[in-house]
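Read the structure below first, then the notes.
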Amino acid sequence: MNKNDARNSLKQALVDVRSAYRLLYAYHKRIRGIIEIIEGGLGEELKFWEWSPKRWNKPSRKLTSNNWTWDCFPFHSYSIWYSQTGGNEKPKKGDILLHLVIDTDSGFPDIMSSDVDPIDSKNFVSVSCDGSISKLTVNLVRCEIDGNEKTWDSEDYDSDDWLNYPILQSHGFNLYTKMFDLCTLYDAKQVHKELDPLVNIINHKQNCTYDEIAAALRKFFVI
């Protein structure tokens, strides 16, 4: 490739980059809309606790040799937590933690078990095949015992290991989880239809018995 061809190729690539960032803006605006609908319905029962990228570090003040390019994309896949008691307090029986996970590309390889190098995106699962979707996963963790010695932040929220149900159960927690393909949440009306039932359970739990809430959660999460 001569210099002119290389220059023109790069010029077109940068046009694509600018177009991609404008598309990403629209995407993240839609995701924020979904999250705001959920947050707007939570009332006083649950409060925002924290957020974190799912697979890599939060942005730092400077890039170093310890960073990799994926650190520039903290909202590619990330988690948001809402709790009643805060992260460093011991939950009481019936207390809940709501955990939302936005996963832009489920075709991203598992860093720990996949043979695919996460640095080489050309070898990822095709974005157009069944192995890759954009999804919202709703996890709800409920404390099932009094006198629990575990705090919400005693788990390692930087990994998926804390969602290992047997471990949670042994600590006195129950895990409920449900996944939504983002293409099914195509407008505000559909978001309300799919998620308002859970928001209503959370908001009315003080007016229901412990067993009534458990039954309602099993129904929503189809257990």
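Let's see how each residue does on (1) surrounded by 13 or more Cβ atoms within 10 Å (Cβ to Cβ); (2) within 22 Å of residue 134 (Cα to Cα); (3) touching a residue at least 60 places away in the same chain (Cβ under 8 Å):
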site: 14; (1), (2), (3): no, no, no
site: 19; (1), (2), (3): no, yes, no
site: 25; (1), (2), (3): no, yes, no
site: 53; (1), (2), (3): yes, yes, no
site: 61; (1), (2), (3): no, no, no
site: 72; (1), (2), (3): no, yes, no
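For the range 49-62, which residues satisfy the criterion of being modelled with pLDDT of 75 or more and either over 30 Å from residue 84 (Cβ atoms) or of a type in the set (A, V, I, L, M) (or both)?
none
Can you work out which of the residues in the range 203-223 that are aromatic (Phe, Trp, Tyr) and within 23 Å of the chain's Cα centre (by Cα) is nearest to residue 43 (Cα to Cα)?
Here the answer is 220.
Just the residues that are part of a helix (DSSP H, G or I) and in contact (Cβ under 8 Å) with a residue 60 or more places away in the chain, please, taken from the range 31-44. Working first, answer last.
Taking the range 31-44 first, the residues part of a helix (DSSP H, G or I) are 31-42.
Of everything in the range 31-44, those that are part of a helix (DSSP H, G or I) and in contact (Cβ under 8 Å) with a residue 60 or more places away in the chain turn out to be 31, 33, 34, 35, 37, 38, 41, 42.
Looking at 55, 61, can you tell me which residue is touching a strand residue (DSSP E or B) at 6+ places or on another chain (Cβ under 7 Å) and either more than 25 Å from residue 89 (Cα to Cα) or in a helix (DSSP H, G or I) (or both)?
Working: 61 fails: touching a strand residue (DSSP E or B) at 6+ places or on another chain (Cβ under 7 Å).
Testing whether each residue is touching a strand residue (DSSP E or B) at 6+ places or on another chain (Cβ under 7 Å) and either more than 25 Å from residue 89 (Cα to Cα) or in a helix (DSSP H, G or I) (or both) leaves just 55.
Can you tell me which of (1) modelled with pLDDT under 85; (2) surrounded by 13 or more Cβ atoms within 10 Å (Cβ to Cβ); (3) of a type in the set (S, T, N, Q) is the one residue 65 doesn't meet?
(2)
Applying the selection to the range 168-195, what residues are in a helix (DSSP H, G or I) and surrounded by 14 or more Cβ atoms within 10 Å (Cβ to Cβ)? Before you say what the answer is, go through the steps one by one.
Narrowing the range 168-195 to residues in a helix (DSSP H, G or I): 168-170, 182-184, 188-195.
Hits for the range 168-195 are 168, 182, 191, 192, 194, 195.
Can you find even one residue in the range 13-27 that is closer than 20 Å to residue 195 by Cβ and at pLDDT 95 or above? Talk me through it step by step, then tell me what you get.
Step one: list which residues in the range 13-27 are closer than 20 Å to residue 195 by Cβ, which gives 27.
Adding the requirement that they be at pLDDT 95 or above leaves 27.
The answer is yes; a qualifying residue exists.
The values are calculated or read from the model by the stated rules, or taken from the named source; none is laboratory data. Since this is a predicted model, take the numbers as computed values, not measurements. Methodologically, a virtual Cβ is constructed for each residue, glycine included, from the backbone with ideal geometry; neighbour enumeration extends over all protein chains shown.
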